[in-house]
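Heads up, the thing below is written out as C-alpha cells.
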Amino acid sequence: MFGYVRIRKPELKIKDYDVYHGFYCGLCSELKKRYGFLGQAALTYDMTFLILLLSSVYDIPPEKSMERCIVHPGRKHLRLSNEVTEYAAHLTMILTYYHFLDDAEDDASKKAWLGMKAYHGKQKRAAKKQAPLEQHIRERLSELSALEKSGAADAGSLADCFGRLMAGIFDYRQDCFSKSLKELGHHLGRFIYIMDAYDDLEEDARNNRFNPFAGQRGHPDFEKMAGDMLLNEMAAAGEAFQKLPCLEYVDILGNILYAGVWNRYDDIQAQRAGQETNIK
C-alpha cells in the first residue's frame with residue numbers, strides 16, 4: 001500500500017536531490033545493519049519522507065558519511081542518518097511483515113506466504129524496539145481487515161482507518177507538535193489508501209478481489225469523484241504541514257507533498273489517455 005510518497009525529480013534542485021538521496025541511502029544502510037539484506041529489500045521512498053519530516057520538525061542533525069555500496073560500487077555516495085533513521089528502519093520491518101500477512105490472507109499466494117515467513121522474525125525484533133507502535137499498527141490493520149471483509153464500509157471509512165494508523169506513525173514524540181503531525185499523517189494515510197484503491201481497481205476487478213470502489217467502477221462520475229477525494233486529502237495534509245516549524249528540507253518536503261504524491265495519479269491518467277509520462 002506504499003510507494004506513492006516520493007519526489008517529483010524534474011522539479012527538485014540538484015542539491016536538494018542529493019540530500020534526499022543521502023537520507024534514502026542512510027535508511028538503506030540502517031536496514032542492512034539491523035536486518036540484513038532482507039531489510040534492504042524492504043526499503044521504500046515513503047520512509048525517506050518520514051525521516052526528512054521528523055528531522056525537520058525536531059531539528060535533528062544527521063551524521064554524514066561518504067560510502068560505496070553494492071548498488072553503486074563505482075563511487076562513494078553521501079549517506080545521512082540520525083535517530084529517526086533507526087525509527088524508520090524498525091517501522092519498515094513491522095509494516096513489511098503485515099503487508100505480506102495481509103496479502104497471504106487475501107490471496108493465499110505462495111509469494112505472500114514466503115514473505116510473511118521471511119519477515120516474521122525481523123518483525124518480532126522490531127516490535128521489541130517499538131512495542132506501542134507495533135500494537136497500534138496491528139490493531140488498526142486488524143480493524144481495517146474486518147471492515148473490508150464485512151463489505152459494509154465505504155471507501156471513506158476504510159481510508160479513515162488507515163489514516164488513523166498513519167497518524168500514530170507520525171506522532172514521534174507525543175508532544176506539542178503531535179496534533180499537527182497526526183493531522184498530516186491522518187490525511188496522507190487517507191490519500192494513500194484511496195490512491196491505492198484507485199490504482200488497483202481494474203486489476204482487482206479482473207482477479208475478483210475486494211476494492212472499495214468496485215460499486216462505482218464504470219460510473220460516469222467516478223473519475224471526478226476519485227480525483228476530488230484525493231485532492232481534498234492532500235489539501236488538508238498541506239494545511240497541517242504549514243502548521244509545523246519546518247525550516248530544514250522544506251523544499252524537498254514541499255516537492256513531495258505538492259507534486260510527488262501525484263506521480264502515480266498522473267501516470268494513470270496519461271495511460272488511460274494513451275500518452276506517456278516522464279515523471280519519476
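The sole residue among ALA112, ALA152, ALA146 that is more than 18 Å from the chain's Cα centre (by Cα), modelled with pLDDT under 95 and outside any helix (DSSP H, G or I) is ALA152. Is it the case that region 257-270 has a residue that's at pLDDT 95 or above and among the small types (Gly, Ala, Ser)? For region 257-270, residues at pLDDT 95 or above and among the small types (Gly, Ala, Ser): present.
The set of residues from region 233-252 being of a type outside the set (Ser, Thr, Tyr) and over 17 Å from ALA167 (Cα atoms) comprises PRO245, CYS246, LEU247, GLU248, VAL250, ASP251, ILE252.
Looking across region 10-30, just one residue is more than 16 Å from GLU63 (Cβ to Cβ), among the aliphatic types (A, V, I, L, M) and in contact (Cβ under 8 Å) with a residue 40 or more places away in the chain, and that is LEU12. Checked against (1) touching a residue at least 24 places away in the same chain (Cβ under 8 Å); (2) farther than 13 Å from TYR193 by Cβ, ASP154 meets all criteria but (2).
Among residues of region 80-133 being more than 20 Å from LEU144 (Cβ to Cβ) and hydroxyl-bearing (Ser, Thr, Tyr), the one that is surrounded by the most Cβ atoms within 10 Å (Cβ to Cβ) is THR85. Name the single residue, out of those in region 134-148 being more than 14 Å from GLY189 (Cβ to Cβ) and either in contact with a strand residue (DSSP E or B) (Cβ under 7 Å, 6 or more places away or on another chain) or touching a residue at least 12 places away in the same chain (Cβ under 8 Å) (or both), that is surrounded by the most Cβ atoms within 10 Å (Cβ to Cβ). Looking at the filtered set, the residue picked out is GLU134.
Answer yes or no as to whether MET47 is surrounded by 15 or more Cβ atoms within 10 Å (Cβ to Cβ), in contact with a Lys or Arg (Cβ under 7 Å, 6 or more places away or on another chain) and not in a strand (DSSP E or B). It is false that MET47 is surrounded by 15 or more Cβ atoms within 10 Å (Cβ to Cβ), in contact with a Lys or Arg (Cβ under 7 Å, 6 or more places away or on another chain) and not in a strand (DSSP E or B).
In region 229-247, the residues that are under 23 Å from SER55 (Cβ atoms) form Cβ pairs under 7 Å with partners that are outside any helix (DSSP H, G or I), at six or more places apart or across chains, as follows: LEU244/PHE177.
Matching residues to (1) out of contact with any Lys or Arg (no Cβ under 9 Å at 6 or more places or on another chain); (2) more than 18 Å from VAL5 (Cα to Cα):
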site: ILE169; (1), (2): yes, no
site: CYS176; (1), (2): yes, yes
site: HIS187; (1), (2): yes, no
site: TYR193; (1), (2): yes, no
site: GLU203; (1), (2): no, yes
site: ALA214; (1), (2): yes, yes
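The values are calculated or read from the model by the stated rules, or taken from the named source; none is laboratory data. Being a predicted model, the structure only gives us computed values, none of them experimental. Glycine gets a Cβ as well: all are built from the backbone with ideal geometry, and neighbour counts include every protein chain shown.
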